[in-house]
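Take a look at the structure set out below.
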Amino acid sequence: MPESVVTLFESLVGAEPPHDVPVLFDTACVMGGSIAGLLAARVLSDRARQVVIVEPDDTSAEAESRSGVPQDQQVHTLLPAGRLWIERWLPGVSQEAQDRGASLVGPDKQFVGYDDIRQAPDGLDHQFLAVGRPLLETLVRARVTALPNVSVLWAQATGLRYGDGAVVGVRFAGPGNGDQGERAEGDLAADFVVDAMGRSSRLSNWLRQDGYDQPRLERLESPVNYATALFERPVKFPELEVATALQLFTPQYPSGGVSVAAANAIEEQQWLVMLMGYGDSRPGRTIDEFRAHCAALPAIFSDITRGGVTREVVTYRQADSRRRHFAEAGRLPARLVSVGDAVASFNPIYGQGMSSAALHASCLASYLDSSTDLDTAATEFFRLQQVVVDAAWAVSAGGDAARIDAENGTEVPEEVRQQRRVMEQIAGAALVDADVSRAFNNVSYMLRHPGTLFDPELLEKAAATSEGAAAK
Ligand SMILES: Cc1cc2nc3c(=O)[nH]c(=O)nc-3n(C[C@H](O)[C@H](O)[C@H](O)COP(=O)(O)OP(=O)(O)OC[C@H]3O[C@@H](n4cnc5c(N)ncnc54)[C@H](O)[C@@H]3O)c2cc1C
């Protein structure tokens with residue numbers, strides 16, 4: 001892993017939002033008003049006279065699930081890195097979430113169990129935000145749309161308009177500006193456009209139809225089945241706010257069907273509890289099935305799901321992890337970028353999506369503040385963003401590919417086999433050794449680049465620890 005990529009990643013992670021940046025645009029348009037789009041709009045609000053977010057869902061309701069984000073009823077944990085970055089752009093959001101009943105969870109209130117072993121404490125003060133996804137989005141939206149130059153156009157983006165090799169406008173159709181029922185079609189002139197339309201974004205198709213390069217789509221088929229339910233959280237659990245149980249070295253917990261379970265103490269004194277299975281393993285549709293699975297997990301999950309049910313089981317299936325290689329595309333229009341799940345959406349179990357979106361916002365700020373020519377394609381932005389996507393992809397898709405190959409008995413090149421063996425040693429050693437656990441968690445929580453795991457001292461320690469465990 002080249003040192004420069006690690007350094008670049010770390011500089012993005014450490015970057016503070018710049019002050020007093022010049023206004024570059026008259027109108028910037030963000031297509032998609034979810035987490036990635038809202039954070040991009042926050043960045044653009046410093047650099048455009050006005051920012052218009054085009055969003056087809058009516059987002060006026062507080063903290064409610066909506067059809068444009070079909071995954072929003074599932075567990076969403078904001079990783080320590082994502083929380084820090086969102087805070088940098090929108091200071092105070094975590095406190096506001098806590099004031100609304102969400103939990104900011106430090107190591108003292110976490111249970112992390114791998115293969116029934118409780119992970120060694122890493123000595124770091126990592127904090128997760130345990131909050132319902134709709135509430136988090138509401139809080140982020142309230143702050144972004146309170147900015148005087150940001151507005152929301154209630155409409156669906158339907159295509160782009162171009163002039164002189166650059167995007168110059170966004171076509172839209174929809175209710176328009178808040179008048180329910182009345183459909184409007186139109187064209188918004190914009191001198192910078194962001195695609196934040198999520199994993200089903202149509203941008204690639206539009207580009208192909210409009211004579212530009214369609215970014216290569218890479219897919220890793222790794223179906224995941226989520227089931228999430230809500231339970232009352234009796235006050236008798238003050239000592240625990242996040243519980244995670246993962247099968248690391250064997251495919252499933254004994255009940256069959258569940259490979260990962262997570263419980264987050266969220267607003268309204270509730271436990272948001274998720275069970276996940278790979279492939280054809282479905283973790284249940286009814287509360288009885290859900291509780292039966294929990295009985296085979298570490299005991300804490302039976303305790304957590306004993307309370308009254310405040311929302312029945314909601315399921316969600318995602319067929320693949322996918323990324324679009326914009327940095328490779330030869331011919332793209334200028335003044336156009338893509339962020340969030342529209343560029344890469346991972347196996348959600350790694351919890352990387354919102355943190356990645358926050359870091360894409362930092363890439364956007366860095367690109368806009370350093371670019372000398374906005375009238376050519378935003379290749380520099382996509383290269384910078386690729387560093388972030390590669391880092392997240394290496395962790396989640398890398399782990400999935402190893403699992404799938406092992407399940408199918410696929411022959412892999414010796415170099416890949418060796419890399420995977422090393423990763424297994426690190427993951428195994430992280431269960432018992434605080435130094436390895438710290439390095440491993442920093443990468444899993446997206447605070448550091450995966451390249452930092454290939455430190456010779458750390459590798460030696462991981463190898464010695466796993467040899468020691470094997471000898472017992
Ligand atoms: C089951 C599951 C669990 C997850 N758990 C976690 C987790 O624990 N932690 C984490 O960080 N991430 C998690 N994620 C990922 C997370 O949901 C996303 O990364 C996050 O929502 C940011 O995505 P986004 O804003 O790019 O896209 P989305 O949230 O998918 O939003 C896309 C937006 O685009 C809008 N849109 C669509 N079409 C158009 C159009 N034509 N014009 C204009 N707007 C349009 C939609 O209405 C929507 O508002 C999970 C994902 C899944 C599927």
>> Being away from the ligand (no atom under 16 Å from the Cβ), outside the structural domain of LEU24 (by TED's automatic domain parsing) and touching a residue at least 40 places away in the same chain (Cβ under 8 Å) is the requirement here; does VAL387 meet it?
In response: no
> Looking only at segment 429-460, which residues are of a type in the set (D, E, K, R) and in contact (Cβ under 8 Å) with a residue 24 or more places away in the chain?
Replying inline: ASP433, ASP435, ARG438, ARG448
>> Residue under question is ALA392, and the condition is that it be away from the ligand (no atom under 13 Å from the Cβ) and within 23 Å of the chain's Cα centre (by Cα); does it hold?
In response: no
> Only one of ARG448, ARG417 is within 24 Å of LEU78 (Cα to Cα) and open to solvent by 50 Å² or more (accessible area, probe 1.4 Å); which?
Replying inline: ARG448
> Residues of segment 98-128 being in contact with a strand residue (DSSP E or B) (Cβ under 9 Å, 6 or more places away or on another chain), assigned to a helix (DSSP H, G or I) and free of Cβ contacts under 8 Å to residues at least 60 places away in the same chain, which ones?
Replying inline: GLN98
>> I need the full set of residues from segment 24-72 which are small (Gly, Ala, Ser), within 15 Å of the ligand (Cβ to nearest atom) and over 18 Å from the mean Cα position of the chain (by Cα), in order please.
In response: ALA28, SER60, ALA61, ALA63, SER67
> Which one of these is farther than 18 Å from PHE128 by Cβ and either modelled with pLDDT of 90 or more or open to solvent by less than 50 Å² (accessible area, probe 1.4 Å) (or both): PHE111, PHE25?
Replying inline: PHE25
> Can you name the number of the only condition in (1) part of a loop (DSSP other than H, G, I, E, B); (2) over 27 Å from the mean Cα position of the chain (by Cα) that LEU447 fails?
Replying inline: (2)
>> Name the single residue that is nearest to the ligand (Cβ to nearest atom) among those in segment 196-221 being among the aliphatic types (A, V, I, L, M) and part of a helix (DSSP H, G or I).
In response: LEU203
>> Looking at segment 423-432, can you tell me whether even one residue there is under 21 Å from LEU8 (Cα atoms) and either in the same structural domain as ALA196 (by TED's automatic domain parsing) or polar (S, T, N, Q) (or both)?
In response: no
> Does ARG161 qualify as being away from the ligand (no atom under 11 Å from the Cβ) and more than 26 Å from ASP320 (Cβ to Cβ)?
Replying inline: yes
> So which residues in segment 342-357 are more than 11 Å from TRP393 (Cβ to Cβ) and outside any helix (DSSP H, G or I), if there are any at all?
Replying inline: GLY351
>> Show the residue pairs meeting these rules: Cβ distance below 7 Å; 6+ apart or different chains; first residue within segment 62-76 and closer than 16 Å to VAL131 by Cα and open to solvent by 30 Å² or more (accessible area, probe 1.4 Å); second residue near the ligand (Cβ under 9 Å from one of its atoms) and among the aliphatic types (A, V, I, L, M).
In response: HIS76/MET354
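Residue by residue, here is whether (1) among the charged types (D, E, K, R); (2) under 27 Å from GLN127 (Cβ atoms) holds:
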| position | (1), (2) |
| --- | --- |
| THR7 | no, yes |
| VAL13 | no, yes |
| PRO17 | no, yes |
| VAL23 | no, no |
| THR27 | no, no |
| GLU64 | yes, yes |
| VAL69 | no, yes |
| VAL75 | no, yes |
| LEU79 | no, yes |
>> If I filter segment 156-168 for residues that are closer than 18 Å to ILE35 by Cα, open to solvent by 10 Å² or more (accessible area, probe 1.4 Å) and either in contact with a helix residue (DSSP H, G or I) (Cβ under 9 Å, 6 or more places away or on another chain) or of a type outside the set (Asp, Glu) (or both), do I get at least one hit?
In response: yes
> Of the residues VAL416, VAL389, which single one is in a helix (DSSP H, G or I) and modelled with pLDDT of 95 or more?
Replying inline: VAL389
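Yes/no matrix, rows are residues, columns are (1) within 16 Å of the ligand (Cβ to nearest atom); (2) touching a Gly at 6+ places or on another chain (Cβ under 8 Å):
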position: ASP288; (1), (2): no, no
position: VAL337; (1), (2): yes, no
position: MET354; (1), (2): yes, yes
position: ALA357; (1), (2): yes, yes
position: ASP373; (1), (2): no, no
position: ALA378; (1), (2): no, no
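The values are calculated or read from the model by the stated rules, or taken from the named source; none is laboratory data. Quantities reported herein were computed from a predicted structural model and do not represent experimental measurements. Please note: Cβ atoms are built from the backbone with ideal geometry, for glycine as well, and neighbour counts cover all protein chains shown. All accessible areas refer to the heavy atoms of the entire protein, side chains included, with ligands and DNA or RNA removed. Shrake-Rupley method; radii C 1.70, N 1.55, O 1.52, S 1.80 Å.
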